[in-house]
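**Q** Questions regarding the structure given below will be posed in turn.
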Amino acid sequence: LNGKINHRRKWDIGKLIYMDNISPKDCIQRWKGEDASDEAAESDIEEEEAEDNFFQKRDQNNDKTHNYEGDLEKFVPYFETIEKLVQKFSNLDAIKDRFLGAPSLGDDQN
Amino acid sequence: MSSRGSYVVFSGSQNFRLRLVLATLSGKAIKIEKIRSNELNPGLKDHEVSFLRLLESVTNGSAIEISYTGTTVIYRPGIIVGGSVTHNCPNGKPVGYFVEPMLYLAPFSKKKFSIIFRGCTASHDDAGLEAIKWGMMPVMEKFGVRECALHTLKRGSPPLGGGEVHLVVDSLIAQPLTMHELERPTISSIRGVAYSTRVSPSMVNRMIDAAKVVLKKVGCEVNITADVWRGENSGKSPGWGITLVAETKKGWCYFAEKIGDAGDVPEDIGNVVAYHLLEEISKSAAVSRDQLPLALVYMVIGKEDIGRLRITSNQIDEKLINLLRDIKSIFGTEVFLKPVDYDNTDDFIATIKGVGFTNTSKKIA
């Protein structure tokens, strides 16, 4: 039951960002409701927060070694694989309103 | 200044350049600990030391202490003076790695920035020349930095490099303008540059054609320039790449870029970059993800006034959280995210109160 309540809880991203005891990766996951990675950690938030001072070291080490995505030293942002992108933009409806002059004619032809 | 307690302490090698830049802007001393302390080659890398040297040469009165093992750095910033400097970049990192952080500092300098960078001009992870010229400088322009340019004197592809670029920032301003951008600007045209050094010019045309095929669907004007470098000025290694920029009438822009490796097919690269550009557009509101740090930092050091910038929910990622946390630990400023309620997107308005930073050298002059 506890788990379900937490699952439904809507996190405020504005607050999550500045909760230093939660790693950025967790922030994003909680905010988007993707807690698949560790259900246990999600359901025991109280406990986790108490333990966080203890775990902080481990998190930072993780950040350094294999969590390269959160590092601004890398300039180029993360992209999905090209296959997924081709699929996503097989039609341009999602970004059609971003361009001047609707490309409707081109779409019909395709 | 009495020591010990007065540092802002960071841990780890991440956001290395950003932390030093923020420290320089704020005038606060920082200490970065545990730089790769658990790795096989602990401590600072060549390019990071080189960046510290560059920082030292464009400031006056900076003090940098590096521990014996190189895992701890203490940096006490001086004032930004700029001037004419030549910087030789190690071949591990391209000039973009060094130019990009300079964009944060250059407008707030005492003298104009005129820096010649020598080394590689492209890589997979760092900003390319066109990314800076057509992607980052328009953002600076929106914040009131109008006269800045990056001149490509020689291109130099990795691994051997041999390129040379000249960064000139002529506008010196007291603080960036306060930003109010609540809309998603409309894209009016797409342009781009495909370059090659020491390879057949047909590579360039093949990239351009592949990119145009993808971008034909969007139905706006597409204009990609071929930029073929030959002879003395084309560096020591063969290389090629493409940068695409989607431009808006308002002056904002979105961009994507990629360089080719040995064995890559030019058509693939052109194709991938075109799709990356579409993806970047779909994830952006006013600025794209790679422009966001620059825009937010300029907003933080703005006037003591509320600046607003529209961002999308896709832009809230780990990088952004790390950035905002670092900004908070140095400037003490928090960004307030307000959901947009007047249209059916899940965008946010990032609201930031500037810290009222003034260019120290302006005050004296």
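**Q** Between region B:212-234 and region B:285-303, what's the alpha-carbon centroid distance in Å?
**A** If we compute the Cα centre of each part, the gap is 28 Å.
**Q** Using the Cα centre as the reference, give the magnitude of the dipole from point charges on the C-beta atoms of chain B (Lys, Arg: +1; Asp, Glu: -1; all else neutral), rounded to the nearest 20 debye. Before the final figure, lay out the partial values.
**A** Details: 44 positive and 39 negative charges, 213 e Å.
Rounded to the nearest 20 debye, it is 1020 debye.
**Q** Averaged across B:12-19, how many Cβ atoms of other chains sit within 10 Å of each residue's Cβ atom? Kindly include the intermediate steps, with their values, before the conclusion.
**A** Values: counts 6, 4, 10, 4, 3, 3, 3, 1.
Averaged over the peptide's residues, the number is 4.
**Q** For chain B, return all DSSP H helices satisfying: extent of Cα atoms along own axis at least 27 Å; mean Kyte-Doolittle hydropathy at least 1.6.
**A** none
**Q** Another question, if that's okay. Taking the highest mean first, how do the peptides B:36-45, B:261-270, A:20-29 order by number of other beta carbon atoms within 10 angstrom per residue? Provide the component values of the computation, followed by the final result.
**A** Working: B:36-45: 14.3, B:261-270: 16.1, A:20-29: 19.4.
By packing density, highest mean first, the sequence is A:20-29, B:261-270, B:36-45.
**Q** Among B:THR358, B:THR243, which comes first, second and so on when ranked by fewest other beta-carbon atoms within 10 Å?
**A** Details: B:THR358 13, B:THR243 27.
Fewest-to-most Cβ neighbours within 10 Å comes out as B:THR358, B:THR243.
**Q** Give the residue list of trypsin sites (Lys or Arg not before Pro) in region B:168-250 that are DSSP loop and have at most 12 other beta-carbon atoms within 10 angstrom. Kindly include the intermediate steps, with their values, before the conclusion.
**A** Details: sites: B:ARG191, B:ARG198, B:ARG206, B:LYS212, B:LYS216, B:LYS217, B:ARG230, B:LYS236, B:LYS249, B:LYS250; in loops: B:ARG198, B:ARG230, B:LYS236, B:LYS249, B:LYS250.
Loop-located and lightly packed - B:ARG230, B:LYS249.
**Q** For region B:213-365, with the dipole built from +1 on Lys and Arg beta-carbon atoms and -1 on Asp and Glu ones, taken about the Cα centre, which of B:PHE255, B:ASN322, B:VAL214 lies farthest toward the positive end?
**A** Result: B:ASN322.
**Q** Next up: Scan around B:GLY163 for amide H atoms under 5 Å from its own, H built in the peptide plane at 1.01 Å from N, and keep only partners 5 or more places away or cross-chain.
**A** Close amide H contacts, sequence-distant or interchain: B:GLY119, B:CYS120, B:THR121, B:GLY156.
**Q** Now for a different question. Just subtract the alpha-carbon distance of B:THR345 and B:LYS328 from 0.36 nm times their residue separation and send over the number in nm, one decimal.
**A** Working: separation 17, 0.36 × 17 = 6.12 nm, distance 2.78 nm.
Net length gain for the segment: 3.3 nm.
**Q** How big is the Cα convex hull of chain B in projection, averaged over all directions, in nm²?
**A** Values: hull surface 74.6 nm².
One quarter of the hull surface, i.e. the mean projection, equals 18.7 nm².
**Q** Which value, in debye to the nearest 20, describes the size of the charge dipole of the protein assembly as shown about its Cα centre when Lys and Arg Cβ atoms bear +1, Asp and Glu Cβ atoms bear -1, and nothing else is charged?
**A** Here the size comes out at about 1900 debye.
**Q** Averaged over its residues, how many other protein chain Cβ atoms are within 10 Å of peptide A:14-20's Cβ atoms? Could you put the intermediate results ahead of the total?
**A** Numbers: counts 11, 2, 2, 11, 6, 2, 3.
Counting other chains' Cβ atoms within 10 Å and averaging over A:14-20 gives 5.
**Q** List the pair-distance distribution P(r) of the protein assembly as shown, using every Cα-Cα distance, as the percent of pairs falling in each 10 Å bin from 0 up to the bin containing the longest distance, rounded to whole percents.
**A** Reading the bins upward from 0: 4, 19, 29, 28, 16, 4, 0, 0.
**Q** I've got another one for you. Give the lysines whose C-alpha is closer than 23 Å to that of B:LYS93, dropping any in the same chain fewer than 8 places away, or say none.
**A** Within the straight-line limit of under 23 Å, B:LYS93 reaches these lysines: A:LYS64, A:LYS74, B:LYS34, B:LYS45, B:LYS133, B:LYS154, B:LYS236, B:LYS258, B:LYS319.
**Q** Here's a follow-up. Within a 10 angstrom radius of each residue's Cβ in B:279-287, how many Cβ atoms of other chains show up on average? Whole number is fine. Let's see the in-between values first.
**A** Details: counts 9, 2, 6, 7, 3, 2, 1, 0, 0.
Counting other chains' Cβ atoms within 10 Å and averaging over B:279-287 gives 3.
**Q** Helix-only mean residue ellipticity at 222 nm, chain B, DSSP H runs n ≥ 4 weighted -39,500 (n - 2.57), per residue, nearest 500. What is it? Can you show the working numbers first?
**A** On the way: 9 runs with 101 residues, N = 365.
It lands at -8500 deg cm²/dmol.
All of the numbers you see were taken from the coordinates with simple rules; none came from a lab. Computed from a predicted structure; not experimentally measured. Because the Cβ atoms are built from the backbone with ideal geometry, glycine has one as well, and the counts that use them run over all protein chains shown.
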